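Structure first, commentary second.
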Amino acid sequence: MEPQFLLPDVEDPDAAEFWAGCARGELLVQTCANCGLRRMPPRPMCPRCRSLKFRWDEMSGRGTIWSFIVPHPPLLPAYQELAPYNVIIVELDEDPALRMVGNLVASRDGPINEIDPATIRIGEPVRAVFQRVEDVVLPRWMKT
Ligand SMILES: [Zn+2]
């Protein structure tokens with residue numbers, strides 16, 4: 001059996017719309033329809049006003065590297081073959097409180113170990129790209 005990547009459940013009721021957006025090349029974020037607070041990751045209730053009403057807003061896909069790590073073995077088999085690679089945390093331009101975990105890639109369809117981790121800098125601007133991995137389309141990030 002091929003090594004398996006850990007992939008999200010795209011049918012999760014709270015997050016399905018987010019993953020459907022990724023499949024269309026759109027980075028969607030939940031926005032509270034009552035108080036306007038944006039939230040990530042998706043969840044049913046606004047953490048500020050407790051409203052259950054929300055909408056999905058498309059973000060620009062632009063952000064900044066807030067932090068990153070470089071995983072090394074021992075890792076799960078699918079990831080062990082790719083190490084060392086990077087995992088970055090991006091804060092979105094629309095609201096720095098919106099942070100997403102992903103990988104920095106050098107090209108739209110590039111692998112997650114394509115970038116020399118020594119060249120990654122906190123504060124660098126990035127933009128979202130969308131990569132299909134098995135049956136899921138994941139947001140990943142490229143330097144701008
Ligand atoms: Zn709210």
Given R₀ = 35 Å, FRET efficiency for T119-D57 by Cβ-Cβ distance, to 0.05? 0.60
Counting only other residues whose beta carbon sits under 12 Å from that of L98, what net charge do I get with K and R as +1, D and E as -1? -1
Compute from the Cα atoms of the stretch 10-58 the Rg and the Dmax, the latter being the longest Cα-Cα distance, and quote both in angstrom. 10.4, 30
Enclosed volume per residue, in Å³, of the convex hull spanned by Cα atoms of the stretch 60-144: 94
Highest to lowest packing among 90-97, 112-119, 50-57, scored as the average C-beta count within 10 Å: 90-97, 112-119, 50-57
So what does Y79 come to for accessible area, using a 1.4 Å probe and Å² rounded to 10? 40
Going from the alpha-carbon gyration tensor of the stretch 1-91, what semi-axes, largest first and in whole Å, does one get by taking the root of 5 times each eigenvalue? 30, 16, 13
What is the chain's relative contact order, in percent, from Cα pairs under 8 angstrom and six or more apart in sequence? 22
Surface share of carbon and sulfur [accessible, 1.4 angstrom probe, percent] for the chain: 53
In Hz, Karplus ³J(HN,Hα) per residue of the stretch 23-32 (6.51, -1.76, 1.60; θ = phi - 60°; x = Gly, Pro): 5, 8, x, 10, 9, 9, 10, 5, 10, 5
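The values are calculated or read from the model by the stated rules, or taken from the named source; none is laboratory data. Predicted, not measured: the structure shown is a model, and the values here were computed from it. Here the Cβ is made from the backbone with ideal geometry for all residues, glycine too, and neighbour counts use every protein chain on show. Calculation scope for accessible area: heavy atoms of the full protein, side chains included, ligands and nucleic acids excluded. Shrake-Rupley method; radii C 1.70, N 1.55, O 1.52, S 1.80 Å.
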